[in-house]
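Enquirer: The structure under discussion is supplied below as structure tokens; questions concerning it will follow.
The values are calculated or read from the model by the stated rules, or taken from the named source; none is laboratory data. The structure presented is a predicted model; accordingly, all values stated were derived computationally and were not measured. Neighbour counts are summed over all protein chains in view; Cβ atoms, including those assigned to glycine, are modelled from backbone coordinates with ideal geometry.
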Amino acid sequence: MSKNLTCDVLVVGAGLTGASLACALRNHGLRIAVIEARPPVAAVADWDARVYALSPSSQRFLDELGVWEKLDPERLEAVRDMRIFGDDGAASLGFSAYQTAVDRLATIVESGAVQRALWEAMREARDIELICPETAREFLWGRDACEIHLESGGMIRTKLVVGADGMHSAVRMAAGMEARIEPAGQKGVVANFSCASPHFGTAFQWFREDGVLAWLPLPGRRFSMVWSTDEKHATELLQCGADLLCERVALAGRGTLGELSLLTAPAAFPLAWLSVRNRVRERLALIGDAGHVVHPLSGQGVNLGFGDARELAVLLRGAAERRADPGELLRLRKFERSRAEAILAMRLATKGLKELFADRSVAAAKMRNFGLNLIDRATVIKSLLARHAMD
Ligand SMILES: Cc1cc2nc3c(=O)[nH]c(=O)nc-3n(C[C@H](O)[C@H](O)[C@H](O)COP(=O)(O)OP(=O)(O)OC[C@H]3O[C@@H](n4cnc5c(N)ncnc54)[C@H](O)[C@@H]3O)c2cc1C
């Protein structure tokens, strides 16, 4: 974009979090611009190797945006049960939609499909200027507005910049906002498989000596795997070849779904935690992975990002109705406070679980496996946990 543009809200990054925020701001009298470095990947006949377990509240959010209806129902899978196993071969914890009195615990969606649906909604919107491929070269923070000079030569003047540009956020760095990235020393190996036995909408998770193995159900006799494991083991899994990988994954999952065949080539993502001291300042808010990254063992990264987008959109729409300045610090602080508890709770839960299962001492092993069995028998606590995960 070589021309200059003036807007109320500029969203940098149109991954799931940024694109959902832009959609949630439509039709409220705000001028919205979105810049994104890369367009979404094209649809593939095969299954996307990156899938997410969306909580019912994320599903409701996408529904409110008119995006859920754009997804092919044949490619969605409801999670009705979840089984979590400890590392002593016996301890387990189960959640079921039936016992929690809900229709489903989560819905498995393909990352690319949700992103394409959000982009379609952004392109249909008259008040969203979607600029792609584009990146920012320089941010000049003024009292009344921020000026962003773009790589292509254009300039955008905006009241509010929203950094939705992921873990290595250029917006966060340009604003000099302190962030702590702690590498988990692990990679998430993802791949999809077909399986001989039906999964009946069950998600499985095994806490193992070599990491955490998760199987998320896909439609038909298929599932998607995320194996969070140390880097050496991840490299072995990537390089061992399809047949051996199927054998290893089936064995690690105790043959639960019978013989496996590989549907997508395995890929690996480095895992880390990211925390920031502040998620807002005058004329700037960080949402999604730009402001927090949690371990995928909770399967909550995108859900947290959608929570941010929904909350910020409510405040900004309120400001638009009152013709107030969307970049005002007091309002942005309200957004920051409203999200603090959910983000901290998820961070502590994922760190605590990872550390508890990484401790190889006999005492720690007894405690964690005893704990899983105990929670499994405590119906009230279990139902509270299940409901918390669905928020
Ligand atoms: C192995 C693995 C499994 C996971 N499984 C789950 C799961 O089951 N459930 C779940 O909820 N979460 C899961 N997550 C977490 C989830 O992937 C992230 O939390 C989520 O993708 C974050 O979305 P985002 O939009 O905030 O950031 P991103 O997806 O990182 O998007 C950032 C966007 O900004 C763009 N961008 C970057 N820099 C610039 C720039 N300078 N200018 C313009 N654009 C820019 C990028 O191109 C990108 O499109 C998993 C993560 C991993 C690693």
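Enquirer: Within the range 333-351, identify whether any single residue is more than 13 Å from the ligand (Cβ to nearest atom), within 17 Å of Asp165 (Cα to Cα) and assigned by TED's automatic domain parsing to the domain that holds Leu16, and answer yes or no.
Expert: No, the range 333-351 has no match at all.
Enquirer: Here's a follow-up. For the range 68-85, check the following and say yes or no: at least one residue is in contact with a helix residue (DSSP H, G or I) (Cβ under 7 Å, 6 or more places away or on another chain), of a type in the set (Gly, Ala, Ser) and either more than 30 Å from Gly176 (Cβ to Cβ) or buried (at least 21 other Cβ atoms within 10 Å of the Cβ) (or both).
Expert: For the range 68-85, residues in contact with a helix residue (DSSP H, G or I) (Cβ under 7 Å, 6 or more places away or on another chain), of a type in the set (Gly, Ala, Ser) and either more than 30 Å from Gly176 (Cβ to Cβ) or buried (at least 21 other Cβ atoms within 10 Å of the Cβ) (or both): absent.
Enquirer: Within the range 27-39, can one find any residue that is in the same structural domain as Gln300 (by TED's automatic domain parsing), touching a strand residue (DSSP E or B) at 6+ places or on another chain (Cβ under 6 Å) and surrounded by fewer than 22 Cβ atoms within 10 Å (Cβ to Cβ)?
Expert: Here is the first cut: in the range 27-39, the ones in the same structural domain as Gln300 (by TED's automatic domain parsing) are 27-39.
Filter once more, keeping what is touching a strand residue (DSSP E or B) at 6+ places or on another chain (Cβ under 6 Å): 30-35.
Subset that is surrounded by fewer than 22 Cβ atoms within 10 Å (Cβ to Cβ): 30-31.
Yes, that holds for at least one residue.
Enquirer: While we're looking at this one, here's another question. If you check Arg26 against the conditions, is it basic (Lys, Arg) and more than 30 Å from Glu138 (Cα to Cα)?
Expert: So Arg26 fails the test.
Enquirer: Considering each residue of the range 12-60, count those that are closer than 25 Å to Arg126 by Cα and among the hydroxyl-bearing types (Ser, Thr, Tyr), and give that number.
Expert: Residues that pass the stated criteria total 3.
Enquirer: So which residues in the range 35-86 are part of a strand (DSSP E or B), within 13 Å of the ligand (Cβ to nearest atom) and β-branched (Val, Ile, Thr), if there are any at all?
Expert: Within the range 35-86, Ile35, Val51, Val79 meet the criteria.
To keep it simple, each residue is scored yes or no on (1) surrounded by 23 or more Cβ atoms within 10 Å (Cβ to Cβ); (2) not assigned by TED's automatic domain parsing to the domain that holds Leu316.
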{"residue": "Pro219", "(1), (2)": "no, yes"}
{"residue": "Ala242", "(1), (2)": "no, yes"}
{"residue": "Ala267", "(1), (2)": "no, yes"}
{"residue": "Arg277", "(1), (2)": "no, no"}
{"residue": "Glu282", "(1), (2)": "no, no"}
{"residue": "Ala290", "(1), (2)": "yes, no"}
{"residue": "Gly299", "(1), (2)": "yes, no"}
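Enquirer: Let me ask something else about it. Which of (1) hydroxyl-bearing (Ser, Thr, Tyr); (2) within 15 Å of the ligand (Cβ to nearest atom); (3) over 21 Å from the mean Cα position of the chain (by Cα) is the odd one out, the single condition Ser261 does not satisfy?
Expert: (2)
Enquirer: Filter the range 225-239 for residues that are polar (S, T, N, Q) and within 13 Å of the ligand (Cβ to nearest atom); which is nearest to Tyr52 (Cα to Cα)?
Expert: Applying the filter and picking the extreme gives Ser228.
Enquirer: Would the range 286-307 turn up any residue that is away from the ligand (no atom under 16 Å from the Cβ) and either under 15 Å from the mean Cα position of the chain (by Cα) or of a type outside the set (D, E, K, R) (or both)?
Expert: We begin by selecting, within the range 286-307, every residue away from the ligand (no atom under 16 Å from the Cβ); these are none.
Taking every residue of the range 286-307 in turn, none turns out to be away from the ligand (no atom under 16 Å from the Cβ) and either under 15 Å from the mean Cα position of the chain (by Cα) or of a type outside the set (D, E, K, R) (or both).
Enquirer: Say we look at the range 248-263 and pick out the residues that are within 11 Å of Arg222 (Cα to Cα) and not small (Gly, Ala, Ser); which of these is surrounded by the most Cβ atoms within 10 Å (Cβ to Cβ)?
Expert: Going residue by residue through the range 248-263, those that are within 11 Å of Arg222 (Cα to Cα) are 257, 260-263.
Next, only the ones that are not small (Gly, Ala, Ser) stay: 257, 260, 262-263.
Values: Leu257: 23, Leu260: 27, Leu262: 17, Leu263: 17.
Going through the qualifying residues, I end up with Leu260.
Enquirer: Give the range 129-147 a look and list any residue that's within 15 Å of the ligand (Cβ to nearest atom) and in contact (Cβ under 8 Å) with a residue 60 or more places away in the chain, or say none.
Expert: Residues satisfying the conditions are Glu129, Leu130, Ile131, Cys132, Pro133, Glu134, Thr135, Ala136, Cys146.
Enquirer: Moving on to the next point. What's the total number of residues in the range 151-208 that are more than 11 Å from the ligand (Cβ to nearest atom), modelled with pLDDT of 95 or more and basic (Lys, Arg)?
Expert: 2
Enquirer: Enumerate the strands (runs of 3 or more DSSP E) found wholly within the range 171-286, keeping only those where 1 or more residues are more than 28 Å from Leu105 (Cβ to Cβ) and in contact with a strand residue (DSSP E or B) (Cβ under 8 Å, 6 or more places away or on another chain).
Expert: On the way: elements: 179-195, 202-208, 211-218, 222-230, 260-262, 267-276, 284-286.
Result: 179-195, 222-230, 267-276, 284-286.
Enquirer: Let me ask something else. So which residues in the range 1-34 are assigned to a strand (DSSP E or B) and within 22 Å of the chain's Cα centre (by Cα)? Write out each step before concluding.
Expert: Let us first name the residues in the range 1-34 that are assigned to a strand (DSSP E or B), namely 4-12, 32-34.
Scanning the range 1-34 gives Leu10, Val11, Val12, Val34.
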